[in-house]
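A.B. asks: Let me begin by handing over the structure; questions about it come next.
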Amino acid sequence: MKSAVETLNPTRVRLTVEVPFEELKPSLDAAYKKINQQVTVKGFRKGKIPARVIDQRFGRGAVLEEAVNDALPKFYTEAVNEAELNVLGQPEVDITELKDGETLNFTAEVDVRPAIEIPDYSGIEVEVDAVEVTDEDVDKAVEELRGRFASTSPVERAAAEGDVVTIDLEAKVDGEVLDDGVASGVTYTIGSGELLDGVDDAVTGLEAGGEATFTSQLKGGSAEGKDAEVSVKVTQVAARELPELDDEFAQLASEFDTLDELRADSRKRLENMKQYDQATQAQERVLEKLLELVEVPVPEKLLEDEVNTRKHNLEHHQLGQMGLTLDKYLEIQGKTAEEFEDETKAAAIKGIKTQFVLDELVSKEKLNVNQEELTEHLMRRAASSGMSPDQFAQAVVEGGQVPMLVGEVARGKALAVVVEAATVKDTNGEVVDLDDDEDEVAEATEVVEAAEGTEVEAKADKGEAPSA
């Protein structure tokens, strides 16, 4: 077999392959054997039909087609390996010549990973938010905790903001009560914004037994998006009673003996959260700077597939679970279809570039992923998916997705290397030291996943092979 490579552009090549006919013999033998098992000819036992009889009865062309379909993947893979190509997805194959007993010639056009030159990234500088926790931040956190321990007791007065009311609701559209528009015994905190627009004004000032009517656009159900006339009846008004902010509350709500200890712990927790946010912000901004430094051609077919995958995942998974159509989602977001297309394409381009650049860094820096790192990443992904680690691991193995997970961790490590080399300062001009290696890699891996959006790697398997 002889092969040659022609570069069509930085992300696509054409392979020209010439196969001497004798190299097709194993596939021809396999073709005759397969046809033998599928057909019957009077006078011959099944599986014992001579080749010349098969040619006469079914045509030599059928045998050649079967043989070529069997042989093409092998010859294509050999040509790819010989040229040391890093191919992406399925090739477009064209058989240019097939002469019985002489030769098989074909071409294969396929996308390839572009050659990427990683420049010196040690000069990257980014600015992030300073970690500052105010007394007001601590007060808010303690108040939120206090709210979780609030109790309610019925009162005989008009409902006011902050009260918990029990209400019955009935929604009509065009004068007809909706089948799914009736609800009884709904508990609602006035001012929480957790129900229909307009309900707060309607129930404020009503005592138990009071009724009101208001108009609101329905957020879900059979008449989602339509204006409905909603009748509401208050059956009970209850006042929320917050516990006193004292040492007794601290003992009730935490493991601490005093309110001062509880407040100190709240401050520390807020600092840790802000430090995590700061580290994530640093990694995101370093990644942006890195991508600006590197010229990355994007394969058109890969980009098209990535855009379609993102749109499919949004429409059929995320929006589907929320009961929203794409049109309704765009209306809520205040976006046009064109803006959505542009944003999706830009995100897909960033995801592909992120993977290509960080994969090149993994190779350049000779980064490896050990079993402990992979296990930690698997457990984190399992938790985010709502599956147990064992269930998630089984699904990953059965789906052949272990290399994908390894790639995610490796790219996270690559980004962590760049962040470590960068200069990160906060808005106060202070240098930020991101020195927790384990946390940094985990956080960087999450940033990489967010930037990639979907697994480009799943569509870039080198083992995919063509057929005629």
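A.B. asks: Taking the criterion of being under 18 Å from Ser363 (Cβ atoms), in the same structural domain as Glu373 (by TED's automatic domain parsing), touching a residue at least 24 places away in the same chain (Cβ under 8 Å) and within 16 Å of the chain's Cα centre (by Cα), would at least one residue in region 434-441 satisfy it?
C.D. replies: No, region 434-441 has no match at all.
A.B. asks: On to the next question. Any residue in region 39-66 that's more than 18 Å from Asp100 (Cβ to Cβ): show its pairings with residues that are of a type in the set (D, E, K, R) and assigned to a helix (DSSP H, G or I) at Cβ separation under 9 Å, as long as the two are six or more apart or on different chains.
C.D. replies: What qualifies is Val39/Arg57; Val41/Arg57; Gly47/Lys33; Ile49/Arg57.
A.B. asks: Got at least one residue in region 274-284 being of a type in the set (D, E, K, R), farther than 18 Å from Lys413 by Cα and out of contact with any helix residue (DSSP H, G or I) (no Cβ under 6 Å at 6 or more places or on another chain)?
C.D. replies: Yes, region 274-284 contains a residue that is of a type in the set (D, E, K, R), farther than 18 Å from Lys413 by Cα and out of contact with any helix residue (DSSP H, G or I) (no Cβ under 6 Å at 6 or more places or on another chain).
A.B. asks: Among the numbered criteria (1) within 29 Å of Glu292 (Cβ to Cβ); (2) modelled with pLDDT of 95 or more; (3) not basic (Lys, Arg), which one does Asp139 miss?
C.D. replies: Against the list (1) within 29 Å of Glu292 (Cβ to Cβ); (2) modelled with pLDDT of 95 or more; (3) not basic (Lys, Arg), Asp139 comes up short only on (1).
A.B. asks: When you scan region 115-134, do you find a residue that is exposed (fewer than 15 other Cβ atoms within 10 Å of the Cβ) and in contact with a Leu (Cβ under 6 Å, 6 or more places away or on another chain), even just one?
C.D. replies: yes
A.B. asks: If you take the residues in region 152-191 that are among the hydroxyl-bearing types (Ser, Thr, Tyr) and under 18 Å from Gly210 (Cα atoms), which one is surrounded by the most Cβ atoms within 10 Å (Cβ to Cβ)?
C.D. replies: Ranking the candidates gives Tyr188 first.
A.B. asks: Shifting gears a bit: Right, Val93: among the hydrophobic types (A, V, I, L, M, F, W, C), within 16 Å of Ser3 (Cβ to Cβ) and under 31 Å from the mean Cα position of the chain (by Cα) or not?
C.D. replies: Against the criterion (among the hydrophobic types (A, V, I, L, M, F, W, C), within 16 Å of Ser3 (Cβ to Cβ) and under 31 Å from the mean Cα position of the chain (by Cα)), Val93 does not qualify.
A.B. asks: Does Ala202 fit the bill of being touching a Phe, Trp or Tyr at 6+ places or on another chain (Cβ under 9 Å) and assigned to a helix (DSSP H, G or I)?
C.D. replies: Yes; evaluated as a whole, the condition is true for this residue.
Residues checked against (1) over 30 Å from Met322 (Cβ atoms); (2) not charged (D, E, K, R):
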residue: Lys140; (1), (2): no, no
residue: Ala202; (1), (2): no, yes
residue: Ala208; (1), (2): yes, yes
residue: Gly220; (1), (2): no, yes
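A.B. asks: To continue, here is another question. Which of the residues belonging to region 77-88 are surrounded by 16 or more Cβ atoms within 10 Å (Cβ to Cβ) and either touching a helix residue (DSSP H, G or I) at 6+ places or on another chain (Cβ under 6 Å) or within 25 Å of Ile352 (Cα to Cα) (or both)?
C.D. replies: Selection gives Thr77, Val80, Leu85, Val87, Leu88.
A.B. asks: Of the residues Leu319, Leu324, Leu290, which is part of a helix (DSSP H, G or I), over 30 Å from Ala158 (Cα atoms) and at pLDDT below 95?
C.D. replies: None of the other options fit; the residue is Leu319.
A.B. asks: Oh, and also: Does Val409 fit the bill of being among the β-branched types (Val, Ile, Thr), in the same structural domain as Leu303 (by TED's automatic domain parsing) and not in a helix (DSSP H, G or I)? Show your work before the answer.
C.D. replies: Numbers: among the β-branched types (Val, Ile, Thr): yes; in the same structural domain as Leu303 (by TED's automatic domain parsing): yes; not in a helix (DSSP H, G or I): no.
Answer is no for this residue.
A.B. asks: Name every residue in region 290-324 that is of a type in the set (S, T, N, Q) and exposed (fewer than 14 other Cβ atoms within 10 Å of the Cβ), in order of residue number.
C.D. replies: Listed by number, the residues that qualify are Asn308, Gln318, Gln321.
A.B. asks: Of the residues Glu229, Glu211, Glu244, Glu255, which is without any contact (Cβ under 8 Å) to a residue 24 or more places away in the chain and either buried (at least 17 other Cβ atoms within 10 Å of the Cβ) or within 30 Å of Leu196 (Cα to Cα) (or both)?
C.D. replies: Numbers: Glu229 fails: without any contact (Cβ under 8 Å) to a residue 24 or more places away in the chain; Glu244 fails: either buried (at least 17 other Cβ atoms within 10 Å of the Cβ) or within 30 Å of Leu196 (Cα to Cα) (or both); Glu255 fails: either buried (at least 17 other Cβ atoms within 10 Å of the Cβ) or within 30 Å of Leu196 (Cα to Cα) (or both).
It is Glu211.
A.B. asks: Starting from residues that are among the small types (Gly, Ala, Ser) and either surrounded by 14 or more Cβ atoms within 10 Å (Cβ to Cβ) or closer than 15 Å to Thr445 by Cα (or both), keep the ones in region 384-408 and report whichever is modelled with the lowest pLDDT.
C.D. replies: Ser384
A.B. asks: Which ranges mark the helices (runs of 4 or more DSSP H) fully within region 1-97 that have 1 or more residues being of a type outside the set (Phe, Trp, Tyr) and in contact with a Pro (Cβ under 8 Å, 6 or more places away or on another chain)? Break it down into steps so the answer makes sense when it comes.
C.D. replies: Working: elements: 25-38, 51-58, 60-83.
Result: 60-83.
The values are calculated or read from the model by the stated rules, or taken from the named source; none is laboratory data. Predicted, not measured: the structure shown is a model, and the values here were computed from it. Quick reminder, even Gly has a Cβ in these numbers, built from the backbone with ideal geometry, and neighbours come from all protein chains shown.
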